[in-house]
Amino acid sequence: MRKVLGVPALLLAQSLSLHAADLDTVEQRAQPCLPCHGKEGRAGPDGYYPRIAGKPAKYLLNQLVNFRDGRRFFPTMNYLTERQPDAYLAELAEYFSSQQLPYDFVSAANMPESVLARGRTLAKEGDRATDLPACSACHGDNLLGALPAVPGLLGVSRSYLDAQLAAWRTELRRAKAPDCMAIIAKRMTPADIEAVTAWLATQQVPQDAGPQASVPSPQPMECGSIS
């Protein structure tokens with residue numbers, strides 16, 4: 001049965017077929033990523049497609065493999081990765097990870113201070129009463145990720161953060177077991193999700209900052225997706 005593609009996937013497929021003979025460098029192979037993820041992987045203009053520039057290479061590779069193997073669902077990404085070997089995806093991951101680019105300025109949130117305060121608490125301290133670890137316990141003290149495979153949470157739009165937490169809660173997004181983010185997302189109330197994504201999305205990113213070398217042990221949860 002012939003696969004029916006959405007408009008973004010069709011445009012990217014046409015781009016690939018038109019230039020297949022010239023795809024002999026990683027920069028050229030990365031071109032189909034840019035219509036959605038923005039120039040050099042800085043993020044899409046609509047705020048939904050996330051920044052991939054500067055993310056840990058193993059994290060990017062894990063997500064590409066998850067799209068290819070059906071643990072994450074987005075038609076364009078599933079289509080573009082479905083026949084790609086690990087080595088090809090790893091090359092793309094390394095390329096975008098190496099793009100060290102400034103972050104855009106973030107505007108202030110139009111949210112009550114009490115909501116933002118709750119978001120900061122969840123991000124930096126967690127909540128023992130509901131068994132929620134701090135985001136920073138795994139995503140780094142500066143919340144810009146940790147090597148080798150934990151992504152940053154700053155410099156990402158609130159709509160994207162909301163969508164990913166919803167995907168984990170409904171199992172539309174999965175990772176290799178143990179899937180710690182699915183566990184955490186299902187423990188969070190809608191109010192907590194609103195608070196933490198609002199706070200994260202309004203934090204300025206220092207221009208010289210990046211993922212920390214590693215997350216100190218012991219980590220609050222074991223996560224199969226970063227093994």
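Computed quantities for the displayed model
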| item | result |
| --- | --- |
| Residue in region 59-71 that is surrounded by 14 or more Cβ atoms within 10 Å (Cβ to Cβ), within 21 Å of Met181 (Cα to Cα), touching a Pro at 6+ places or on another chain (Cβ under 7 Å) and not small (Gly, Ala, Ser) present | yes |
| Of all residues in region 205-227 being exposed (fewer than 14 other Cβ atoms within 10 Å of the Cβ) and of a type outside the set (Gly, Ala, Ser), the one that is modelled with the lowest pLDDT | Pro216 |
| Selection count where residues are hydroxyl-bearing (Ser, Thr, Tyr) and either farther than 13 Å from Thr202 by Cα or part of a loop (DSSP other than H, G, I, E, B) (or both), scope region 132-159 | 2 |
| Out of Ala123, Ala108, Ala57, Ala137, sole residue that is under 30 Å from Pro218 (Cα atoms), in contact (Cβ under 8 Å) with a residue 12 or more places away in the chain and out of contact with any helix residue (DSSP H, G or I) (no Cβ under 7 Å at 6 or more places or on another chain) | Ala137 |
| Set Ala93, Ala129: member being over 16 Å from the mean Cα position of the chain (by Cα), in a helix (DSSP H, G or I) and without any contact (Cβ under 8 Å) to a residue 40 or more places away in the chain | Ala129 |
| Pick from region 150-184, criterion among the small types (Gly, Ala, Ser) and farther than 25 Å from Val106 by Cα, ranking: modelled with the highest pLDDT | Ala182 |
| Boolean, Trp168 is farther than 23 Å from Ala117 by Cβ and crowded, with 20+ Cβ neighbours inside 10 Å | yes |
| Candidates Gln219, Gln212 - the one that is out of contact with any Pro (no Cβ under 9 Å at 6 or more places or on another chain) and either more than 25 Å from Ser97 (Cβ to Cβ) or not assigned by TED's automatic domain parsing to the domain that holds Leu60 (or both) | Gln212 |
| Count - residues of region 80-90 that are surrounded by fewer than 19 Cβ atoms within 10 Å (Cβ to Cβ) and either in contact with an Asp or Glu (Cβ under 8 Å, 6 or more places away or on another chain) or part of a helix (DSSP H, G or I) (or both) | 4 |
| First in region 78-89 and touching a residue at least 12 places away in the same chain (Cβ under 8 Å), second anywhere and exposed (fewer than 12 other Cβ atoms within 10 Å of the Cβ), Cβ under 8 Å, 6 or more apart | Tyr79/Lys3 |
| Among the residues listed as Ser114, Ser136, the single one being of a type outside the set (A, V, I, L, M) and surrounded by 14 or more Cβ atoms within 10 Å (Cβ to Cβ) | Ser136 |
| Segments classed as helices (runs of 4 or more DSSP H), wholly inside region 1-50, with at least 2 members that are at pLDDT below 90 and of a type in the set (Lys, Arg) | none |
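The values are calculated or read from the model by the stated rules, or taken from the named source; none is laboratory data. Bear in mind the structure is a predicted one, so any value in this text is a computation, not a measurement. Methodologically, a virtual Cβ is constructed for each residue, glycine included, from the backbone with ideal geometry; neighbour enumeration extends over all protein chains shown.
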